[in-house]
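Read through the structure below, which is laid out as structure tokens, and then see the notes.
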Ligand code: HAM
């Protein structure tokens, strides 16, 4: 009988293109940032929501928009029992679906939610652009006030300040309502009609279907056309209604009062179809071509478009991978105690008592000699080692050694705990 296992093909043990394993020291950085984001939002009354990773394809077609690159080119779609399903390319559509399905329209307003998880877009991978990436997002439902816009923007900016992200710029714009955009369409199309044939194929299609989205084009030749003084001047004269303009003016007033720096960018239209009024993006020049770390805006029609009650909403999502490339050194988790022993039961008892007081403790599991166990403690950069041998068990003591100073003392667990308790709370 041949006992050699079949050779594993190399591609089977390679992660798919555009995905990442998050492990080792990286995972500690992820956990640190995730918990900072969570705490920031929880402290302002936001509650977590966890929705499925896949949803009906139509949800994204109707939600994100059939004319968008995300839906047209980037979705991972599959069929099961005659149902078309897609891995979520973003979080908002699923959260809105849950809002409608769970009857959150009846909850006290505003409903303030946050989420964290993997998203999937079939894009050409490059620095800062992956096929599986993670978003931390926020959605606030039930209010159409500039204060609601200001609060979500402020949440992101304050989080980024705490993480000391470098070279940030908050770009904001007002794209008005569907009605405002009808006015925009007429003027913008007339202005660009003479140059229509010089635009890329996508822009020529958008010219017919959704001219505002032409401004989202990444082709240099199209960008040059939109940068012409006549087009720029057209974009800078606000095409939105008095109500939308007043909403935006109040948002800007709040940001000014809070000393949140921003730039109004008339070219900022975002790559998803659901936005109304306020849109924004937070970029960093340290990120390269994919420079947006966070993007969002108001979407007052989406809940209704997806079958729910009329509910204005505003939110954003940040890309965790991009955020983490901007975050510098973070405090490392320290190992308070390493337990060196040949008495497992007593070692675990001591470890459990210390952990219950909030300490980070590891017990040696190797069964090797004390010398090797001390080497391991040093390798893990433990602050102190506790030795428990037969003699210690017999006389009810433990030996504590500070690994940096080399200082040692014999004590009891009770004495150690009473010494330590004031220094660190669980
Ligand atoms: P988005 O601008 O498509 O908006 O994505 C938000 C953020 O996700 C981006 O700013 C970026 O940091 C990150 N991101 C997007 N695609 C990738 C990728 N392929 N690789 C790495 N990171 C990426 C939305 O998704 C909206 N749902 C945001 C929102 C929430 N609007 C209202 N509420």
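Here, each number is a calculation from the coordinates, and none is a lab measurement. All values derive from a computational prediction rather than experimental measurement. As a convention, Cβ positions derive from the backbone with ideal geometry for all residues, glycine included, and neighbour counts pool all protein chains shown.
Using just its DSSP H runs of length 4 or more, each adding -39500 (n - 2.57), the chain gives a mean residue ellipticity at 222 nm of -11000 deg cm²/dmol after division by all residues. Compared with the alpha-carbon gap, the fully stretched path from residue 4 to residue 83 is longer by 24.2 nm at 0.36 nm per residue. Approximating the spin labels as points 7 Å out from Cα along Cα→Cβ, the residue 198-to-residue 50 distance works out to 5.4 nm. Volume per residue for the chain equals 231 cubic angstrom (convex hull of Cα atoms). Among rounded, prolate and oblate, which fits the range 337-420 when a ≥ b ≥ c are the square roots of the eigenvalues of its C-alpha gyration tensor, a/c under 1.5 means rounded, and a/b larger than b/c means prolate? Rounded.
With the cut-off at 1.5 for a/c, could you classify the range 306-371 from its C-alpha gyration tensor as rounded, prolate or oblate? Can you show the working numbers first?
Working: a/c = 4.22, a/b = 2.48, b/c = 1.70.
Taking the square roots of the gyration eigenvalues as a ≥ b ≥ c, the range 306-371 is prolate.
In the chain, the longest principal axis of the Cα atoms and the axis of helix 242-257 are about 30 degrees apart.
Once the chain from residue 161 to residue 381 is taken as fully extended at 0.36 nm per residue, the excess over their C-alpha distance is 76.2 nm. If R0 is 51 Å, the Cβ-Cβ spacing of residue 285 and residue 395 corresponds to a FRET efficiency of close to 0.20.
Using only alpha-carbon positions in the range 138-252, the gyration tensor eigenvalues give semi-axes of 30, 19, 13 Å once each is multiplied by 5 and square-rooted (largest first). Within the P(r) computed for the range 180-247, what percentage of the Cα pairs occupies the region above 21 Å? Of the Cα pairs, 22 percent sit more than 21 Å apart. Considering only C-alpha atoms, what is the centroid distance from the range 14-58 to the range 266-342, in Å? Taking the Cα centre of the range 266-342 as reference, the centre of the range 14-58 is 11 Å away.
The label point for residue 28 and the one for residue 345, both projected 7 Å from the Cα toward the Cβ, are 3.5 nm apart. For the chain, the longest principal axis of the Cα atoms and the long axis of helix 146-162 meet at an angle of about 40 degrees.
Going from the fewest other Cβ atoms within 10 Å to the most, the residues 12, 175, 254, 53 appear in the order 12, 53, 254, 175.
Given R₀ = 45 Å, what would the calculated FRET efficiency be for residue 182 paired with residue 219, taking r from the Cβ atoms and rounding to 0.05? It comes to 0.95. By how many degrees, 0 to 90 and rounded to 10, does the Cα axis of helix 370-379 deviate from the longest principal axis of the chain? Computed tilt is about 20 degrees. Between residue 127 and residue 353, what is the FRET efficiency for a Förster distance of 51 Å, r being their Cβ-Cβ separation, to the nearest 0.05? Approximately 0.60, to the nearest 0.05. Take every pair of alpha-carbon atoms less than 8 Å apart whose residues are at least six positions apart; their mean separation over the length of the chain yields a relative contact order of 16 percent.
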